[in-house]
Amino acid sequence: MSILILAEHDNVSIKTTTLNTIGAAVKIGGDIDIVVIGSNCGVVAEAASKISNVNKVILADAEHLKHQTAEEIAPIIVDLAKSYSHILAPATTFGKNALPRAAALLDMQQISDIISVESVDTFKRPVYAGNAIATVQSSDSIKLITVRSTGFDAVDATGGSAEIENYSVGAAVNLSKFIKQEFTKSERPELSSAKIVVSGGRGVGSKENFDLIEKLADKLGAAIGASRAAVDAGYVPNDYQVGQTGKIVAPDLYIAIGISGAIQHLAGMKDSKVIVAINKDEDAPIFSIADYGLVADLFDAVPELEEKL
Amino acid sequence: MKILVPIKRVVDYNVKVRVKSDGSAIELANVKMSINPFDEIAVEEAVRLKESGKVSEIVVVTIASEKGQEQIRTAMAIGADRGILVKTDAAIDLGGVEPLSVAKTLKALIDKENPDLVIMGKQAIDDDSNQTGQMLAALLGWAQGTFASKLDIDGDKITVTREVDGGLETLELCSPAIITTDLRLNEPRYAKLPDIMKAKKKPLEIIEPSDLGLDYSVRMKIVNIAEPQPRKGGIKVDNVDDLIDKLKNEARVI
């Protein structure tokens, strides 16, 4: 087996989702190469070369690759594909955008969002919003796979010493033009990789009240999440959303505050190690999966918790 | 401008699905079926563009059994003008018509219909693949604007704001292009009774995959489908002090 990993990065540093993706590749077994596609991203290739389990780093560096659009990435993957049995990318908006485009050009049926490796051609993936787990077997000659990062342990970011090979980048496809990026600025850890997540739901009641959630999160050094109901109500931006239609998280500690526990939310956090629910409705479905449930008015319990921690 | 909107017939969003006892498939008998919610957003977006005068015709396409006509009629009640059903008895959720097959079917139809824009859901809520739009864009050699939360059309200029991890990204796409919708693009309307009646008279063409030179061979075989391991509930704590004690001394997570 020879496996190619599509690295997720911002031209400065490697995202931890890449390390989880390599974790999945280790389960498949075989030589693991990483391709870093971007602009002025030599520093990323350097970092990639130090990741454990990595055999070779391929650096595709060109100005027109700066924003890593699918249209520019896909031809590079297609060109590299013939040397590999598997091509893996993280199942993030980056990987989900780029990899299917390469898969179609290669005439391969991609396997999305795997959570376990059963053998070199057989994988488990959640379907129907996580309400069922399908075991699928691919007969394609190259398996293009996106990996759900919460399903696999990250490999060590250090300990390796892979060689870096420069890839000769072709001309730009120029089908799309980058206009702007608006990223939510935050001193807090990233939601999908945080050790602790504090999430608020519709019970929080308003945008202003979300202050309570933020204070508790800051006390714990946690990331902030939200249910879809809280996003729909306009309390927080959409990129806070945890759930089947938002982010999938699996932190060591997940604290759900004023969240009733709709199926779609549970699908996004039920693999957390420890779940705490604070809700005044003792029949809320969230309590059926919480390790520790506190039936209380969040406006009393959350400030008290923050103060006593 | 002509828009093509592919839609998918799926188990309704509110239905709690069950796995068949032999683990071969999801139980679909007597289950409420609807338009995939992301595709409904795509139909709504196309209709809004038509209402703003930028679009002259909206064609909806689905791949399904005979019953796929129901979802086409629903899309027509929202405002689509014409429908095409590619009729198949293969499973469309799992282990039958796979995303690459769907993309190839759509490409064959697009070669005939020549739309200027395709708007479709970012993923179907049954197989959760999130592939078809990207694959279709690849097969056509078109630009792709995936996970759209905002779409602006100004003549030939297509500007799309995408929901990406960490925030938003705005791109300008060459025309023609594929747009895949995210949840916040719009809120689909409820079809009114007169529109539902009118939809029944709109043209709906039924074709077979073989008419397009396609067969739906399976590359990704379903070995088994199972219910996920249920997570066991824990205990209720009495108060905040009790909770802090448990988190520190029992779970050891803080």
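The values are calculated or read from the model by the stated rules, or taken from the named source; none is laboratory data. Treat the numbers as computed from the prediction; the structure is a model and nothing was measured. Note that each Cβ is placed from the backbone with ideal geometry, even for glycine, and that neighbours are counted across all protein chains shown. The area values use the complete protein model at the heavy-atom level, side chains included, leaving out ligands, DNA and RNA. Shrake-Rupley method; radii C 1.70, N 1.55, O 1.52, S 1.80 Å.
Tabulated data for the structure shown
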{"item": "Residue within segment B:59-67 that is away from chain A (no Cβ under 14 Å), open to solvent by 10 Å² or more (accessible area, probe 1.4 Å) and not in a loop (DSSP other than H, G, I, E, B) present", "result": "yes"}
{"item": "Considering residues of segment B:197-254 that are of a type in the set (S, T, N, Q) and assigned to a loop (DSSP other than H, G, I, E, B) only, the residue farthest from A:Thr122 (Cα to Cα)", "result": "B:Asn239"}
{"item": "Test: residue in segment A:153-161 that is polar (S, T, N, Q), in contact with a Ser or Thr (Cβ under 8 Å, 6 or more places away or on another chain) and not in a strand (DSSP E or B)", "result": "yes"}
{"item": "Residues of segment B:216-233 classified as touching a residue at least 12 places away in the same chain (Cβ under 8 Å), out of contact with any Gly (no Cβ under 8 Å at 6 or more places or on another chain) and open to solvent by 80 Å² or more (accessible area, probe 1.4 Å), total", "result": "1"}
{"item": "Residue check, B:Ser56 more than 13 Å from the chain's Cα centre (by Cα) and at pLDDT 95 or above", "result": "yes"}
{"item": "Qualifying position, being part of a loop (DSSP other than H, G, I, E, B), open to solvent by 50 Å² or more (accessible area, probe 1.4 Å), basic (Lys, Arg) and within 14 Å of another protein chain (Cβ to nearest Cβ), among A:Lys219, A:Lys207, A:Lys185, A:Lys180", "result": "A:Lys185"}
{"item": "Selected residue (criterion: nearest to the other protein chains (Cβ to nearest Cβ)) from residues of segment B:172-183 that are within 23 Å of A:Val231 (Cβ to Cβ) and not in a loop (DSSP other than H, G, I, E, B)", "result": "B:Leu183"}
{"item": "Number of the exception - B:Ser101 against (1) of a type outside the set (D, E, K, R); (2) facing chain A (nearest Cβ under 10 Å); (3) in contact with a strand residue (DSSP E or B) (Cβ under 6 Å, 6 or more places away or on another chain)", "result": "(3)"}
{"item": "Residue within segment A:128-144 that is more than 9 Å from chain B (Cβ to nearest Cβ), touching a Leu at 6+ places or on another chain (Cβ under 7 Å) and β-branched (Val, Ile, Thr) present", "result": "yes"}
{"item": "Within segment A:7-22, considering residues that are open to solvent by less than 10 Å² (accessible area, probe 1.4 Å) and part of a helix (DSSP H, G or I), the one farthest from A:Ala194 (Cα to Cα)", "result": "A:Ile22"}
{"item": "Residue tally, condition more than 8 Å from every other protein chain (Cβ to nearest Cβ) and surrounded by 20 or more Cβ atoms within 10 Å (Cβ to Cβ), over segment B:154-167", "result": "3"}
{"item": "Pick from segment B:184-215, criterion open to solvent by 30 Å² or more (accessible area, probe 1.4 Å) and within 19 Å of the chain's Cα centre (by Cα), ranking: nearest to the other protein chains (Cβ to nearest Cβ)", "result": "B:Arg184"}
{"item": "Counted residues, segment A:259-284 - those being open to solvent by 10 Å² or more (accessible area, probe 1.4 Å) and either in a loop (DSSP other than H, G, I, E, B) or at pLDDT 95 or above (or both)", "result": "11"}
{"item": "Set A:Val197, A:Val236, A:Val231: member being within 11 Å of another protein chain (Cβ to nearest Cβ), closer than 30 Å to B:Glu187 by Cα and open to solvent by less than 40 Å² (accessible area, probe 1.4 Å)", "result": "A:Val231"}
{"item": "Hits in segment A:110-135 - residues which are in a loop (DSSP other than H, G, I, E, B) and closer than 20 Å to B:Pro37 by Cα", "result": "A:Asn131"}
{"item": "Residues of segment A:93-109 satisfying the condition of being at the interface with chain B (Cβ under 9 Å from one of its Cβ atoms) and under 16 Å from A:Ala25 (Cβ atoms)", "result": "A:Leu99"}
{"item": "Selection within segment A:56-83 - open to solvent by less than 20 Å² (accessible area, probe 1.4 Å), over 22 Å from the mean Cα position of the chain (by Cα) and within 14 Å of A:Ile142 (Cα to Cα)", "result": "A:Ala81"}
{"item": "Filter result for the condition that a residue is over 33 Å from the mean Cα position of the chain (by Cα), at the interface with chain A (Cβ under 7 Å from one of its Cβ atoms), open to solvent by 90 Å² or more (accessible area, probe 1.4 Å) and charged (D, E, K, R), over B:Lys236, B:Lys248", "result": "B:Lys236"}
